[in-house]
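The structure under discussion appears below in the form of structure tokens.
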Amino acid sequence: MLISTENIQYSHPGQAPLSFPDIHLKANEALLVLGKSGSGKTTLLNILGGLLMPHRGSVCIDGVDLNSIQGSNLDLFRGKNIGIVFQKPHLLAPLTVEENLQMAHYFSKKKGQEINRLLDELGIGVKSKSRVQNLSEGEAQRVSIARALVNSPKLILADEPTSSLDDENTFKVLNLLQTQAKKIGAALIIVTHDQRVKDHIPQFIEVKGA
Amino acid sequence: MNLFRLSWKYLTFRPLSTGLNVILLALGLAIITVLLLVQDQFENKMTKDAEGIDLVVGAKGSPLQLILSGVYHIDFPTGNIPLEEAKKLSRSRLIKNIIPLALGDNYKGYRIVGTNHDYLGLFEAQFDQGKVWEQPYEVVVGATVALREGLKVGDTFESSHGISVGSHDHEHDYQVAGILAPSGNVIDRLVLTSIETVWYTHEEEAESEDEKDHSELHQEVSKTGFPEGDQAKEVTSLLIQYRSPMAAVQLPRMINSGTSMQAASPTFEMARLFELLGVGVSLLQGLAFLLIGISGLGIFIALYNSLKERKYDLAILRVIGASRGQLVFLIFLEGIILTSIGALVGILLGHSFLAVIISQNEQGVAASLDAWIFLKGELWILVYALGVGILASLIPAWSAYQTSIAKQLTKS
């Protein structure tokens, strides 16, 4: 198993605790996490990415229990092994496209993928020297996908990557995520409430909320 | 990419705010640099110029004026003293060495000082060209005078009456016998000659051309002690070295109460002067610290404000593997880079400012300052600036350390 979770529980302050179904996923597999808004999908994603510590239960990625590592080791582990695509691109505005990806290499202390080749594959090779501000929304999102991929992570997490896209682009982005994940042999987990995605990725779990 | 380049990118991303903070800090530090340079060089020069001079004797008046005119050649002399009285004083057992000075003329604003060869010895002056004066109207010029006015050995020039430019010209030409090597002392800015030369120049005024006894112009001048002269002859001031510490107690009192002359100690008068100047210096220092304080506050506000916009960025950096420590370092680095640039610009600005002052002030005492001497104290400016940078980054860095990634990224 590349990622497996057991009895994860998390409670936001002043709210009833959330319980999440267990996840067991191998490399090269893809999984959808479905659920209504406010059901705790994003919380689960944060827990899987090591951004949030569950109050109960454990997350095991590639044989490493996330509970067992802390501080800068956890940050480094995340940088090396987990690529996260957020709902919004969140690129670093003072840097160029290329430099945004270089930062990922720098902080994870990992060589990772060749940046220009990756950008070419995502169809934004010509933008590699552009300022982030000069990108269209779609381009910015592809850069943020490239940033999640550039360190060849073992696990790719995507939070509502298609929510603001039309059908055609939804298809393109999903296709991109799946082929890239296969190529680097990573497990892919997509958190979404977008029913269109279900047609592309059969395996799913549902988060019911509190 | 590394953290240094990343902070640099963030700084250049908001050039106006960065520029303003750098300028504010640089101005404050420039003032401190100028003060530091002037204070250090002034005091150094003042002590160096007065070295070996225990007491200055001249006509009654302001003692500070006597020192400034007799030792540093900046102020006007207090008047003249009779040669007879000066000679009487020189026979005192309390005095080891006495050097007479006769002032009264200038060459393009550089003072012509009539004295004896001991004056050169007092400053351990070295000759660059030529030799010392031996005949009347032979002069030795200081290095700065020679350089600025392009004088060579054998050149002749006319003097002007008075000690500042623009007075009427004397008729007899002076001849350059020697040029001194640069010494960093007051003699760089002087034209030195015998006391006889100064006397003859002024007698010429009184006597008419044909009555004048030309034979005396070809006699050798006195090389040490006092020249021979009749009762009417005068000198301007006397530089005195004590024979024993006892002299410091007895001699000034003896001169001030027992003669028509006054005595002043360079050490004492300069200490008094620095005390007077101290008020102005403190005022400027206060202004400089105020500017630095404001710039520190400016840097703090700039970092703090940009941090609000950058919390997402910081969270993203954490997501791609940066540790809390690295983020804190990133913020500190920005503060430090900002203040280091401010410090370097400030120091450079301070030196350039001093260079401008010096170039505006060719004959004055400021002309003998050097704008491009770097002091150890300036390293403290750098340290001080870095302190400001670290202080200003403290709270922003702490807030960066505390930022929760998950909360930050889910907030939209």
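Quick look at the numbers
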read-out	value
Region B:232-336: trypsin sites (Lys or Arg not before Pro) in DSSP loop, at most 13 other beta carbons within 10 Å	none
Tilt relative to chain B, helix B:15-49 - C-alpha long axis, 0 to 90 degrees, to 10	30
Net charge contributed by nearby residues that have their C-beta within less than 10 Å of B:LYS223 (K/R +1, D/E -1)	-3
Candidates B:LEU103, B:LEU314, B:LEU68, ranked by Gaussian network fluctuation over chain B, Cα under 10 Å, top entry	B:LEU314
Alpha-carbon gyration tensor eigenvalues x 5, square-rooted, for chain B, Å	63, 22, 15
Selected from B:GLN41, B:GLN129, B:GLN219 as most flexible by GNM, with chain B as the system and alpha-carbon contacts under 10 Å	B:GLN219
Fraction of accessible area attributable to carbon and sulfur, the protein assembly as shown (%, probe 1.4 Å)	56
Label-zone membership for region B:121-140, site B:HIS172, 7 angstrom Cα→C-beta point, backbone N under 17 Å	B:133-140
Which of A:HIS24, B:HIS73, B:HIS117 is most accessible, then next, and so on - probe 1.4 Å	A:HIS24, B:HIS117, B:HIS73
In range of the label at B:GLN250: residues from region B:52-70 whose backbone nitrogen is under 17 Å from the point 7 Å along Cα→Cβ	B:55
Long-range lysine pairs (8 or more apart or interchain), region B:296-412, Cα under 26 Å	4
For region B:101-160 and region A:1-73, distance of Cα centres in Å	92
Gain on full stretching of the segment that runs from A:ALA16 to A:LYS183 - 0.36 nm per residue minus C-alpha separation	56.1 nm
Computed over the protein assembly as shown, the ratio Rg/Rh where both radii use C-alpha atoms and Rh is Kirkwood	1.33
Label point distance in nm, B:SER340-B:VAL281, each placed 7 Å from Cα along Cα→Cβ	3.2
Estimated 222 nm signal from helices in chain A, with DSSP H stretches of n ≥ 4 weighted -39500 (n - 2.57), rounded to 500	-10000 deg cm²/dmol
Order of exposure, largest accessible area first, which applies to B:TRP133, B:TRP199, B:TRP380 with probe 1.4 Å	B:TRP380, B:TRP199, B:TRP133
Global geometry of region B:31-156, whether rounded, prolate or oblate, following the gyration tensor of its Cα atoms and the 1.5 cut on a/c	oblate
B:LEU276 accessible area, assembled protein chains, probe 1.4 Å, Å²	110
Cβ-Cβ FRET estimate between B:LEU297 and A:LYS172, R0 fixed at 35 Å, reported to 0.05	0.10
Candidate lysines for bridging to A:LYS26, where Cα separation is under 21 Å - those fewer than 8 sequence places away on the same chain excluded	A:LYS41, A:LYS80, A:LYS154, A:LYS182, A:LYS183, A:LYS198
Candidate aspartates and glutamates for bridging to B:LYS152, where Cα separation is under 19 Å - those fewer than 8 sequence places away on the same chain excluded	B:ASP128, B:GLU134, B:GLU138, B:ASP173, B:ASP188
For A:ASP166, solvent-accessible area (1.4 Å; no DNA, RNA or ligand), Å²	80
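The values are calculated or read from the model by the stated rules, or taken from the named source; none is laboratory data. Computed from a predicted model, the values in this text were never measured in an experiment. Because the Cβ atoms are built from the backbone with ideal geometry, glycine has one as well, and the counts that use them run over all protein chains shown. Accessible surface areas use protein heavy atoms only, side chains included; no ligands, DNA or RNA. Shrake-Rupley method; radii C 1.70, N 1.55, O 1.52, S 1.80 Å.
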